[in-house]
1. For the condition within 10 Å of the chain's Cα centre (by Cα) and not acidic (Asp, Glu), what is the one hit in B:54, B:99, B:106?
2. Looking only at the range A:46-73, count how many residues are without any contact (Cβ under 8 Å) to a residue 40 or more places away in the chain, within 12 Å of another protein chain (Cβ to nearest Cβ) and either more than 30 Å from residue B:9 (Cα to Cα) or of a type in the set (S, T, N, Q) (or both).
3. For residues in the range A:43-100 being of a type in the set (Lys, Arg) and over 26 Å from residue A:113 (Cβ atoms), which is nearest to the chain's Cα centre (by Cα)?
4. Since residue A:29 meets every condition but one in (1) closer than 22 Å to residue B:38 by Cα; (2) within 11 Å of the chain's Cα centre (by Cα); (3) more than 10 Å from every other protein chain (Cβ to nearest Cβ), which condition does it not meet?
5. Mind listing whichever residues of the range A:60-95 are aliphatic (A, V, I, L, M) and out of contact with any Leu (no Cβ under 7 Å at 6 or more places or on another chain)?
6. Which ones in the range B:24-41 are more than 14 Å from the chain's Cα centre (by Cα) and buried (at least 17 other Cβ atoms within 10 Å of the Cβ)?
7. May I ask you to say which residue of A:22, A:96 is under 26 Å from residue B:100 (Cβ atoms) and at pLDDT below 95?
Amino acid sequence: KAGVTQTPRYLIKTRGQQVTLSCSPISGHRSVSWYQQTPGQGLQFLFEYFSETQRNKGNFPGRFSGRQFSNSRSEMNVSTLELGDSALYLCASSLSGGERKTQYFGPGTRLLVL
Amino acid sequence: AQKVTQAQTEISVVEKEDVTLDCVYETRDTTYYLFWYKQPPSGELVFLIRRNSFDEQNEISGRYSWNFQKSTSSFNFTITASQVVDSAVYFCALSRFTFGNEKLTFGTGTRLTIIP
């Protein structure tokens, strides 16, 4: 079974631009979560989608948004990029619920904002 | 609020030594899940183990073992006979048991370096 895939793997943007990151979950997984990893703040939860609906949201500004499609693929968007948005963005998928509550992570997208 | 503390920022050991990574957590929930993930230099988080809070049995998987003690809110990870391939950053994480809440709360990680 293929793992979680994320595209692109690397991105360089300038301040003020916007960016869209994509995540394809493991086949059959309906929950997709996004995390931001920075040296200063560590791993922080952005949001989680299940059946095209945002179920949970972390403490990030509204510039960070996401969506999920009917095939469970997910995208996250960051508008008006700031230097502090430079980070590794990790996507994770899970079957969701009970004994299936294990998140499997993709390789991440490294975003550099100049 | 949930919190995970990994007090050891960096650990270096010589190959074949045993090493224990500490994890202490805080939660008001009576049932929850605990996890360990490994992050090699490539960046991907690799799942190692999940433990339910109502199952305090320790677990061993090859050279890896985990010691869960609910009384002290700790979930420690031991690598026996360490190898260079074990060099990575290790994260302990906590999630709520309730359906519909997949959020993981991570510790700050422990960078483990195995010296050949």
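1. Result: B:106 is the single residue among B:54, B:99, B:106 that is within 10 Å of the chain's Cα centre (by Cα) and not acidic (Asp, Glu).
2. The qualifying residues number 7.
3. Among those residues, the one meeting the criterion is A:55.
4. (2)
5. A:78, A:81, A:83, A:88, A:92, A:95
6. B:27, B:32
7. A:96
Results for (1) surrounded by 14 or more Cβ atoms within 10 Å (Cβ to Cβ); (2) under 12 Å from the mean Cα position of the chain (by Cα); (3) modelled with pLDDT of 95 or more; (4) within 12 Å of another protein chain (Cβ to nearest Cβ), shown as yes or no for each residue.
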residue	(1), (2), (3), (4)
B:1	no, no, no, yes
B:11	yes, no, yes, no
B:17	no, no, yes, no
B:22	yes, yes, yes, no
B:50	yes, yes, no, yes
B:58	no, no, no, no
B:69	no, no, no, no
B:73	yes, no, yes, no
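The values are calculated or read from the model by the stated rules, or taken from the named source; none is laboratory data. If you're wondering where the values come from, they're calculated on a predicted model, not measured in any experiment. So basically every Cβ, Gly included, is an ideal-geometry build from the backbone, and we count neighbours across all protein chains shown.
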